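Q: My structure is below; once you've seen it, I'll send some questions.
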Amino acid sequence: MVKQPNPTRRSERSRQAILTATRELISEIGYAKLTIEAIAARAGVGKQTIYRWWPSKGAVVFDAFLALSEVGPESSTALPDTGDLETDLKAVMRATVAEFADPAFEEPIRALNTEIINDPALAAQYREKLADPLDEAKKTRLRSAQRAGQLASDADLDLALELLYAPLYQRWLLRSGPLTPEYADTLVDVFLKAMRPEDRRS
């Protein structure tokens, strides 16, 4: 008996080929020149295969970025909790800075940001699938620090995250300075100076 091909496995292979092709093309030709036709040709699939799964180029880019980030229902978004908030935040921010400085990662992020600015539906999807789960993981770590007396108990955690990450995003977005481990450490130092309990501020 001839074994029939598994259509589910074949579909997953095609999907992964499309996401890989999208990331490769963004790095090679940039987002502005990226087309569904080019993605299909690189992935070895028809355009209709892509449109069956994604409604737009931006949606494909988003899923390509999501896969690259390895953030999903089966992956852990938990932040390290050694009991030392400064050490943990510096480890996380150094990793984030390195990620944003990596050309292979940076191009999909910039492409995704371009789409989010112009597509409210994609922006909502981004918040639901990526930004909100990551922010909640970060706030879980900050709540632990509050219980340990390392962070002000009345701190607004949404504002705290903006204070920590917004300078990094601005520097990256405007290309106004280098993204280095030293810069990551400085962001954490400034954050802790502002957010520690008053009796622990120096």
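The values are calculated or read from the model by the stated rules, or taken from the named source; none is laboratory data. Everything numeric in this text was worked out from a predicted model, so none of it was measured. Because the Cβ atoms are built from the backbone with ideal geometry, glycine has one as well, and the counts that use them run over all protein chains shown. Quick note on the areas: whole protein, heavy atoms, side chains included, nothing else; ligands and nucleic acids left out. Shrake-Rupley method; radii C 1.70, N 1.55, O 1.52, S 1.80 Å.
Q: Just name the residue that is surrounded by the most Cβ atoms within 10 Å (Cβ to Cβ) out of those in the range 60-90 that are at pLDDT below 70 and farther than 19 Å from residue 23 by Cβ.
A: 77
Q: Among the listed residues 102, 88, identify the single one that is in contact with a helix residue (DSSP H, G or I) (Cβ under 9 Å, 6 or more places away or on another chain) and among the charged types (D, E, K, R).
A: Working: 102 fails: in contact with a helix residue (DSSP H, G or I) (Cβ under 9 Å, 6 or more places away or on another chain).
Answer to the check: 88.
Q: Looking only at the range 26-45, count every residue that is of a type outside the set (D, E, K, R) and not in a loop (DSSP other than H, G, I, E, B) and tell me the total.
A: Looking only at the range 26-45, we keep the residues that are of a type outside the set (D, E, K, R), and these are 26-27, 29-32, 34-36, 38-41, 43-45.
Remaining after also requiring not in a loop (DSSP other than H, G, I, E, B): 26-27, 29, 36, 38-41, 43.
So the answer is 9.
Per-residue answers, yes or no, for (1) at pLDDT 95 or above; (2) among the β-branched types (Val, Ile, Thr); (3) in contact with a Ser or Thr (Cβ under 6 Å, 6 or more places away or on another chain):
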position	(1), (2), (3)
134	no, no, yes
167	yes, no, no
176	yes, no, no
186	yes, yes, no
190	yes, yes, no
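Q: Count, please, the residues in the range 166-194 that happen to be under 23 Å from residue 136 (Cβ atoms) and either among the hydrophobic types (A, V, I, L, M, F, W, C) or in contact (Cβ under 8 Å) with a residue 24 or more places away in the chain (or both).
A: The total comes to 9.
Q: Restricting to the range 97-144, what's the tally of residues that are under 21 Å from residue 172 (Cα atoms) and among the polar types (S, T, N, Q)? So that I can check it myself, show each step before the final result.
A: Initially, the range 97-144 is screened for residues under 21 Å from residue 172 (Cα atoms), giving 97-118, 123, 126-127, 130-132, 134-135, 138.
Next, from what is left, pick out any that are among the polar types (S, T, N, Q): 113-114, 118.
Result for the range 97-144: 3.
Q: When both residues are 6+ apart or on different chains and their Cβ atoms are under 8 Å apart, which pairs have a first residue that lies in the range 125-143 and is closer than 24 Å to residue 196 by Cα, and a second that is open to solvent by 80 Å² or more (accessible area, probe 1.4 Å) and assigned to a helix (DSSP H, G or I)?
A: These pairs meet every condition: 135/158; 139/158.
Q: Sticking with this structure for a sec: Tell me the helices (runs of 4 or more DSSP H) entirely within the range 104-202 that contain at least 3 residues that are over 19 Å from residue 94 (Cβ atoms), of a type outside the set (A, V, I, L, M, F, W, C) and open to solvent by 50 Å² or more (accessible area, probe 1.4 Å).
A: Working: elements: 120-126, 132-147, 157-174, 181-195.
Because the criterion is at least 3 residues that are over 19 Å from residue 94 (Cβ atoms), of a type outside the set (A, V, I, L, M, F, W, C) and open to solvent by 50 Å² or more (accessible area, probe 1.4 Å), the helices (runs of 4 or more DSSP H) in the range 104-202 that meet it are 120-126, 132-147.
Q: Further question: Counting just the residues of the range 46-59 that are at pLDDT 90 or above and either open to solvent by less than 30 Å² (accessible area, probe 1.4 Å) or in a helix (DSSP H, G or I) (or both), which one comes out nearest to residue 110 (Cα to Cα)? Full working, then the answer.
A: From the range 46-59, those at pLDDT 90 or above are 46-54; that's our starting set.
Those still in the list that are either open to solvent by less than 30 Å² (accessible area, probe 1.4 Å) or in a helix (DSSP H, G or I) (or both) too: 47-54.
On the way: 47: 24, 48: 26, 49: 25, 50: 22, 51: 23, 52: 25, 53: 22, 54: 19 Å.
Once the filter is applied, the top-ranked residue is 54.
Q: If you scan the range 93-103, which residues turn out to be surrounded by fewer than 17 Cβ atoms within 10 Å (Cβ to Cβ) and either more than 24 Å from residue 160 (Cβ to Cβ) or aliphatic (A, V, I, L, M) (or both)?
A: 95, 98, 101, 102, 103
Q: With respect to residue 106, is the statement that it is farther than 19 Å from residue 165 by Cα and at pLDDT below 90 true? Lay out the reasoning, then the answer.
A: Numbers: farther than 19 Å from residue 165 by Cα: no; at pLDDT below 90: yes.
The answer is no for residue 106.
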